[in-house]
Amino acid sequence: MEIRLYFQLLKRGWWVILLTALAALASSLGASYLAIPQYKSVARFILKPSNSIESSASVLQSFYTLERVVVTYAEVMNSDRVFNDTLAFLNLRADDLKDYTYESEVLSGSSILELSVTGPNPQTAAKVANTIGYQTINFTQNMNQIYTVDFLDIAVPSTKPISPQPLLYASLATVLGLFVGGFLAILREQLRIPLDALRNRFHFDTMTGVYTSRYFSSLVEEELAQSPEDLHSIGIVELQGLQDLPQTLPLSGLQHVFQRVTDTLRRELRGNDIIGRWNENDFIVMLPNTSGLSANRTFERIFKALSEPIELDLLNMTVGLDPHLGGAEYSNNISMRELLDKTNGALEKARRNTVSPVYVWQMENPFWEGLDEPIQE
């Protein structure tokens, strides 16, 4: 199950994986292009008992000792003494070889020494390797008469650099980029889910589950900006019966009341209508692509549904909502503030009507006088 989940996360984040792999490939090719080629020259030497050893016992003893002494010869080859003699022989300074490295090692299970010199110039690398070898032979030939060291293979200039290797580096970088991209894609999805949940906390009212007033306003402004020529309607649902309820009703009972109100609004509205909690006791709704006349009929149905008292059986009490609805029709590119002002004005008139407290303001003609008077269906 987890494997399938991760596969889905990778599938959704395919573009992250692709971009990371391409970035790694481009970085690798760029680094290979800018890097200075390095060449490696190798010289090999053999260490063996000298011809002065005659008896078989001496030969066996010399080979036994040889396995231990060959390491010492390798250290001599790596020493500063030999390196300084090499610089003097080649008439060079230490700075002239600052970009070169050298190393000697004993080949496993043998008496063979291998000296490798790496640097930007293949001819210089080969010359330095051979000179270090000659200087090692000169230094060690007077150490004793039991062993001799000599060239087995002379270093020759290399024709191919050991680095950079664009094809190899590009392949490794692409594979690494795919793995890193996959990790980033999974991490992105796992971070996005908590961020979405956190964002929703600021978008939705915790008590009712509808939009907060701030987010509702942003949605309305976005809708008006996208379709400024269309007719839209908004309305404030005021529940005067709830004004003193928070102080007298337990939280569970209050949640039940608000849930009933929310369910009623969703039942009477369409699926694309927007519901928000305007303040502590009021809701606000937007009806996209709806004229003021149609909105008025919808608000009448909402008023009728909310006029029914809510029974709280566990608390043995009945709550009357005493609803009032004031709305306004958006038209003629009026501003969001103007639209809300007209809605609040309609709500004020609804408060003064005890028979049918529902009013919707409409702008039938912007050139008529007395346009600020809301009309009643």
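Couple of notes before you dig in:
- Residues T206, T174 arranged by fewest to most Cβ contacts within 10 Å: T206, T174
- Restriction of the GluC sites (Glu not before Pro) in the range 254-301 to DSSP coil positions whose beta-carbon has at most 15 other beta-carbons within 10 angstrom yields E280.
- Kirkwood-type hydrodynamic radius, the range 297-348: 13.2 Å, calculated from all non-identical alpha-carbon pairs.
- With both labels modelled 7 Å from their Cα along Cα-to-Cβ, the M317 to Y134 distance reads 10.9 nm.
- Residues F283, F45, F7, arranged from fewest to most other Cβ atoms within 10 angstrom of their Cβ, appear as F7, F45, F283.
- Given their separation in residues at 0.36 nm each and the Cα-Cα distance between them, E300 and E280 gain 5.0 nm when the chain is fully extended.
- Modelled this way, with points 7 Å down the Cα-to-C-beta line, the labels at R351 and Q165 are 8.3 nm from one another.
- Extension gain (nm, one decimal) between Q259 and L22, 0.36 nm per residue minus Cα-Cα: 80.2 nm
- Net +/- balance of residues flanking T140 in space, Cβ distance below 13 Å, scoring K and R +1, D and E -1: -1
- Kirkwood Rh in Å, taken over all unlike Cα pairs in the range 204-361: 15.8
- Charge sum, other residues only, whose C-beta stays under 10 Å from S213's C-beta, Lys/Arg counted +1 and Asp/Glu -1: 0
- Per-peptide average of other Cβ atoms within 10 Å, ordering 317-326, 126-135 highest first: 126-135, 317-326
- Distance from the C-alpha centroid of the range 108-141 to that of the range 289-306: 96 Å, rounded to the whole angstrom.
- Subtracting the Cα-Cα distance of N84 and Q123 from 0.36 nm times their residue separation leaves 12.1 nm of extension gain.
- When V175, V210 are sorted by how many other C-beta atoms sit within 10 angstrom of their C-beta, beginning with the fewest, the order is V175, V210.
- Distance between the modelled labels on N142 and R188, one decimal in nanometres: 7.1 nm (7 Å Cα→Cβ projection).
- Modelled label reach - E229, point 7 Å along Cα→Cβ, the range 333-348 residues with backbone N closer than 18 Å: 333-334
- Applying 1/(1 + (r/R0)^6) with R0 = 30 Å to the Cβ-Cβ distance of S335 and R214 gives a FRET efficiency near 0.95.
- Seen from N121, the other residues with C-beta closer than 13 Å to its C-beta sum to a net charge of +1, counting Lys and Arg as +1 and Asp and Glu as -1.
- Computed over the range 259-318, the percent of Cα pairs more than 18 Å apart is 40.
Readers should treat all values here as calculations from the given coordinates under stated rules, not as data from a laboratory. Here the structure is a predicted model, which is why all the values come from computation and not from measurement. Every residue, glycine among them, receives a Cβ derived from its backbone with ideal geometry; neighbour counts consider all protein chains shown.
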